[in-house]
Every structure is written in structure tokens, then in C-alpha cells.
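The values are calculated or read from the model by the stated rules, or taken from the named source; none is laboratory data. On a predicted model such as this, the values are computed, not experimentally measured, just so you know. All Cβ positions, glycine included, derive from the backbone under ideal geometry; neighbour counts span all protein chains shown.
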Number of protein chains: 2
Amino acid sequence: MDPLLVRAARREPVERTPVWFMRQAGRSLPEYRAIRERHSFFDVNRSAELTAEVTLQPVRRHGVDAAVMFADIMTPVVAMGVGVELVEGVGPVIAEPVRTSAAVERLRSPDPHETLGPVLEAIGIVRRELSPERAVVGFCGAPFTVAGYLVEGKPSREFAATKRLMYDEPRVWHALLERLADGFVEYALAQAQAGADAVQLFDSWVGVLSPADYCEFVAPWSARVLTALREAGVPTIHFGTGNATLLGVMAEAGGDVMGLDWRIPLDEGWALAGADRGVQGNLDPAVLLGPWERVESAARDVLARAGGRPGHIFNLGHGVLPATDPDVLGRLCELVRAETARERFHASGTAA
Amino acid sequence: MDPLLVRAARREPVERTPVWFMRQAGRSLPEYRAIRERHSFFDVNRSAELTAEVTLQPVRRHGVDAAVMFADIMTPVVAMGVGVELVEGVGPVIAEPVRTSAAVERLRSPDPHETLGPVLEAIGIVRRELSPERAVVGFCGAPFTVAGYLVEGKPSREFAATKRLMYDEPRVWHALLERLADGFVEYALAQAQAGADAVQLFDSWVGVLSPADYCEFVAPWSARVLTALREAGVPTIHFGTGNATLLGVMAEAGGDVMGLDWRIPLDEGWALAGADRGVQGNLDPAVLLGPWERVESAARDVLARAGGRPGHIFNLGHGVLPATDPDVLGRLCELVRAETARERFHASGTAA
């Protein structure tokens, strides 16, 4: 039998709602911080064993239904020849921002055996160590969000240089996104081949775009990645934030499951994404910094809005904040499991 | 006769659509940069004459229908005793973030004669210099957005400390917002008394909140400011970004006109804000960095979606980006004026 998350992504009736957390591996966990005392971030990234270990830590601790690969969103572009530095407190910084045809031309196909080797190998380790009912979720940045980093040269709030390139040099823009999309297809398929049961496409900053700009400049390239995965039979989760008005057009671009942020109540977001999709989400990660009573009532609200319909995967609306108490994540997992198992029990009791 | 913008804000039929731009005064203008070569930002803020001059510059250059006061969002909290430093490339930085009852208690009523004196005096100068058909738009940060700066201590993307305070110490949070709201009522009413024809409440970062959190933690305090202005007969514009899912609840909190960002097509945003409101917006300011043909078609799309209905004020979806060519702003003004005057002419021609 396929892992719970995969069956939920196909909107099959499941025994309970699967639960995992974006950015569950990493700084919120003391066992991760212990590893980082001895190894740099890049040490972890370059070692299949350390990557697998860090990826498995939250599964062991919280019992979540998926292990999401601990990888950086810039890993595939490093494999395409871009110089990226991760600056503490800033984020990914690009030595030479990509803003010209020449810079786009220099992006090569990702080399799966060099930079990507450790991630792909780590996927194999995680898949072997994980029990079959748990899923390995592969991770790939979406062409727009990664292009935003490449064009701006660093994290941005407004993405003004990115939009200027779109408007002023649409051919350069589309050439850049095409090259990224083709590279990401290879990367994502390689993850599936290595053992990932599903792949999440992260379009974290897509919410800065109007729906019209999304359709013109982004949709075809996200669709290229999502379509390639669908044709290979790999379930996909398509995630963005600040995206309530984009949900319809993002769903058109693809995704078996649409990732929702907390800005829209889950039932309303599901209606916009379409009844033919699953949805993942959507508790505000900041709620987990507050008292348990609030976490509990917010989680129950998410579950009530999902209404036990097949296709819901419980998650936060964005990544776990580093200050989050891991015990709260564990309790939240238990709550989702207990509540949704009971729901199904009652539902089948009623049906019998 | 009242200024065009004021009549539009009341949804009266007007001879053409008023147009102005958020952050129209400032860094996009060479005449502003010339002043800043001789005077620091704080010099400008402390001088009524310089503030008035900088406020009037875009009206002279572009012929916009409103002069929006050149003031900093933190001005009223400086007047309430908070130490704020404006750090180049960062934004407002607070020496001692406000996170406790004691810190809230230390916030005093704003002193209109000291810190606020120059802004209020500048409003009088601008009102006297401006022709009567043009409006002076007063400017006030909304309690949530200003509280976000005070709690975080600096600009933030996630507002995690702000939300943690809301959830963990709701009494401290509400005391803080009450004190800010009361101070802002005084500040906004003083602006109206000094000659402002309308006041815009800027809730720039409110889009980080879920609708439920907005209703619980923010709505009552924005409503307090907007209600006081309504009771004083001052037209209000209520602006946020990233706010498509909040438009309904923000409109309930108040505002004759709801400010829309570019993430939602204007007609859809107007439907969410309610037919009993005007709307302001909503061209993506980044579009102005691109070629004129794109600016033109995007502006025509905004106007088409407004459909000439009374209550539309043309603006961007957020502030002018510093890199914007002022000539593009001028051409855009002309376009809106010519297009909407023609529309009205045709409409009355048809009716005759």
C-alpha cells in the first residue's frame, strides 16, 4: 500500500489525515542544533549521511507522516553553475545576479552526480530507513521564486528588479525561466527516481505578482515542471504564499495538491483551488509561538473546514519558525491524528 | 465646491477620475533629491517649510489631484516618546522594542505642538498654496502596522514577535493598540483641523494576518481611528497590502474608500470591499519600471475594471518605487485624465 500522504494526495479515502510540517527539519530541533555545532550548513548539504540524518530527525521525534528532504532551495542552481552564498540573517546571496542573455546562457544543465549527488543519495537512505506508510517528500523551488533570488541577487520584499526584467526583457526572462524549469524537471525526476514519493514545488514569493502577470510570465514554466512530474506518475504539491487571488491560476498550472497559506480559511482556499484537487495546510506557523489553547483551537478550525473530505494534508501555512518549541509540534501531530482517526471511526460507524 | 478627490470619496458623480500616487513625494523626484543634498531627512521633517515644499513638488510636476503629506509613518510615535532611528536601507529601527505593559505605559499622548508641529503647520501651508479643486491628503499609519514596527524593533517579513505578543499577552497587545489608536485619533483629527481634506490610514503590513486574527486583534483599533474621523466629517481611505482576503473585514472596520493593492483585479476587489465604498488603486508600482506600452495597457485595464463608476480614485497598489522615472508618472496622470474625461463626455453625450 502506498504511503498515507500519497493516497491522500490522490484524494483516496484514508484512515486519518496525514500531517507533516514544512521546514520541520532544522533549527527548531535541539538534535539538529547539536549536529550544527560540529558541522557547517554546507557540510550537512554535502554529506548524504548527514542530510538523511537531519531529514529523519523530525520523523523520529514527532512521528510525522512525511520526511521532507533537508535541502536548500538554491541547490539545483548551484548545480547549474551559479555562485551562491548563504549569509546568516540575510539568506541566499548571488555573486553575479542573472539579468542578461549572456548570464542565462551560462546556466548549464544540472549535474546530478556532482552537486546533487548527496541529496539524491540521501533520499535513498531516507526511503530505506522510513517505514512504508510514511512518505519521502522531495523539494524543489519553483522557477519564479528561484529566478527572483537570481535576478535580485538577494532576498527582496518588492522584487522590483525581477519585475523590471519581466517587463523590459521578456525574452531574457522567458529564457531564464525555461532553463530553470528544464533543470528543475531533471532535478525533481531524479529525486523521484531516488525514492521520493511526492514532490513539493515551493513558489514561496509568487504572491508579489498580480494574477495577470502570473499567467503571462510564470504559469507556463511552473506547468512544465508539474506536468513532467504528473506524466512520470509522481504526485505533486504546489505551494505559494500570499496567493489567495492566484489559487485558481496556480491550480491550472498544475499540482495534485495545492498548498494554502493561513491568509485564507481552508474551505475558501479549497473552493478556489478546485474540488478536483487536494489541499495542504494551513495553520499560521506563528500561532505555534502562542499558548497551547490557541494552537488547539486554530488546528481544530482547520480540521473543521477540511470537513474530513479526502484530499486534505495537514500542515502549516508556511515553514516552521526557528523559535518554535518542538514539543508543541509533537502535540499538534497527536491532536491531528487523534481527531481525524476519531472522525473516520465515527463516519464508518454511522455508515455501518 | 469640494476637491475632486473628496467628491469621489463620497461616490458623487465627478467630471473625471481623480489621480494621485502613494509616496509621490520623495526619492523619485530630482527636485526632492536636490533638497536632500542640502538637508537631512530629519531636517526636512522638522521644518514646516521644507515639508510643505517637498509635499507640493509632485503636484507641480505631475498635476496630481492630491498632495499627500510628506511625513514618516513613525512621526506620531516619536511624538508619543518612542526613540526611532531611520536606518538607510533598513527602515525605522526602535531603540527599545515595546513588548511589555511597562513599555506600553510609557507611551504618552502625542504632543501636537512639539514633534507634530512642523507637519501640522506644513498642512496649513500646502492647503493655502494648493488650488481648491486639489485635495490635501493626511497620512497616518494604522495601529497594527505601527505596532509591528514597535514590537519587532525593525522591519520584519514574518512579524513573529508581534504575533507572539498578540497570542501570549493579549492584554498587553490590546493596551498597546488602544494607546496607539487614541494617539492616532488625535494626530489625524489635528491634521484635518490644520487643513487636510481627507486622511489615509496605512495598514501596509496587515496582509500577514489571517482574517480571524485581524478581527480579533486589529479591527477594533483601526475602527476607533476611522470612526472618529467619520464622526468629524473627514473622508477616509483605508489601505493595506496583501489583503484580498481581508478586504471585507477591513471595510467593516471603516473607510469611505478602500485602498486595493495589485494582487486583486480592481473589480473583484471592489466587490469584496462592498458597493457602498469607493476604491483606490491599483496599478502595480513595478509596472512603471517597464516600457510605456505596458504601463498604458495596465492603466487602461484598471480604468476598464472601474468602469467609470463613481467612487474610483486612480492610484498605484503601493508606493512609488524610488527608481521610477518621473516622466512616466506624468504621462500616466495625463492618460487617466484624458481617458476618464472622455468617458464622462461620451456618457453625458449618450444621455443627451
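Pick from B:R331, B:R294: which is away from chain A (no Cβ under 14 Å), more than 20 Å from the chain's Cα centre (by Cα) and either buried (at least 21 other Cβ atoms within 10 Å of the Cβ) or in a helix (DSSP H, G or I) (or both)? Full working, then the answer.
Values: B:R294 fails: away from chain A (no Cβ under 14 Å).
Going through B:R331, B:R294 in turn, just one is away from chain A (no Cβ under 14 Å), more than 20 Å from the chain's Cα centre (by Cα) and either buried (at least 21 other Cβ atoms within 10 Å of the Cβ) or in a helix (DSSP H, G or I) (or both): B:R331.
Here A:H174 clears all of (1) closer than 30 Å to B:W262 by Cβ; (2) more than 14 Å from chain B (Cβ to nearest Cβ); (3) in contact (Cβ under 8 Å) with a residue 60 or more places away in the chain; (4) surrounded by fewer than 19 Cβ atoms within 10 Å (Cβ to Cβ) except the condition numbered (3). Screening A:V14 on (1) under 22 Å from A:P235 (Cβ atoms); (2) part of a helix (DSSP H, G or I) shows it passes everything except condition (2).
Residues are listed down the side, and each one gets a yes or a no for (1) in a strand (DSSP E or B); (2) more than 11 Å from chain A (Cβ to nearest Cβ); (3) touching a strand residue (DSSP E or B) at 6+ places or on another chain (Cβ under 9 Å); (4) surrounded by fewer than 21 Cβ atoms within 10 Å (Cβ to Cβ):
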{"position": "B:Y149", "(1), (2), (3), (4)": "no, yes, yes, no"}
{"position": "B:T162", "(1), (2), (3), (4)": "no, no, no, no"}
{"position": "B:M166", "(1), (2), (3), (4)": "no, no, no, no"}
{"position": "B:R179", "(1), (2), (3), (4)": "no, yes, no, no"}
{"position": "B:A188", "(1), (2), (3), (4)": "no, yes, yes, no"}
{"position": "B:A223", "(1), (2), (3), (4)": "no, yes, no, yes"}
{"position": "B:T227", "(1), (2), (3), (4)": "no, yes, no, yes"}
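Screening segment B:306-328 for residues that are surrounded by fewer than 18 Cβ atoms within 10 Å (Cβ to Cβ) and over 21 Å from B:Q57 (Cα atoms) and picking the one that is nearest to the other protein chains (Cβ to nearest Cβ) gives B:G307.
Tell me, yes or no, whether segment B:21-43 has at least one residue that is touching a Phe, Trp or Tyr at 6+ places or on another chain (Cβ under 7 Å), at positive phi and assigned to a loop (DSSP other than H, G, I, E, B).
Quick first cut of segment B:21-43, residues touching a Phe, Trp or Tyr at 6+ places or on another chain (Cβ under 7 Å) only: B:25-26.
Checking the rest, the ones that are also at positive phi come to B:26.
Applying the additional criterion that residues be assigned to a loop (DSSP other than H, G, I, E, B) yields B:26.
Checked against the condition, which is being touching a Phe, Trp or Tyr at 6+ places or on another chain (Cβ under 7 Å), at positive phi and assigned to a loop (DSSP other than H, G, I, E, B), segment B:21-43 yields at least one hit.
Can you find even one residue in segment B:79-94 that is within 14 Å of chain A (Cβ to nearest Cβ), at pLDDT 95 or above and part of a loop (DSSP other than H, G, I, E, B)? No; the residues of segment B:79-94 include none that is within 14 Å of chain A (Cβ to nearest Cβ), at pLDDT 95 or above and part of a loop (DSSP other than H, G, I, E, B).
Among the residues of segment A:208-221, those identified as surrounded by fewer than 24 Cβ atoms within 10 Å (Cβ to Cβ) and closer than 16 Å to A:V185 by Cβ are A:A219, A:P220. Taken together, the criteria place B:G274 among residues that are in contact with a strand residue (DSSP E or B) (Cβ under 9 Å, 6 or more places away or on another chain) and either crowded, with 24+ Cβ neighbours inside 10 Å or more than 11 Å from chain A (Cβ to nearest Cβ) (or both). For segment A:229-284, taking the residues that are basic (K, R) and assigned to a loop (DSSP other than H, G, I, E, B), the one that is farthest from B:V208 (Cα to Cα) is identified as A:R277.
Among the residues of segment B:243-256, those that are facing chain A (nearest Cβ under 9 Å) and either more than 15 Å from the chain's Cα centre (by Cα) or among the acidic types (D, E) (or both) comprise B:A244, B:T245, B:L246. Are any of the residues in segment A:191-207 within 14 Å of chain B (Cβ to nearest Cβ), surrounded by fewer than 20 Cβ atoms within 10 Å (Cβ to Cβ) and either not in a helix (DSSP H, G or I) or not aromatic (F, W, Y) (or both)? No, every residue in segment A:191-207 fails to be within 14 Å of chain B (Cβ to nearest Cβ), surrounded by fewer than 20 Cβ atoms within 10 Å (Cβ to Cβ) and either not in a helix (DSSP H, G or I) or not aromatic (F, W, Y) (or both).
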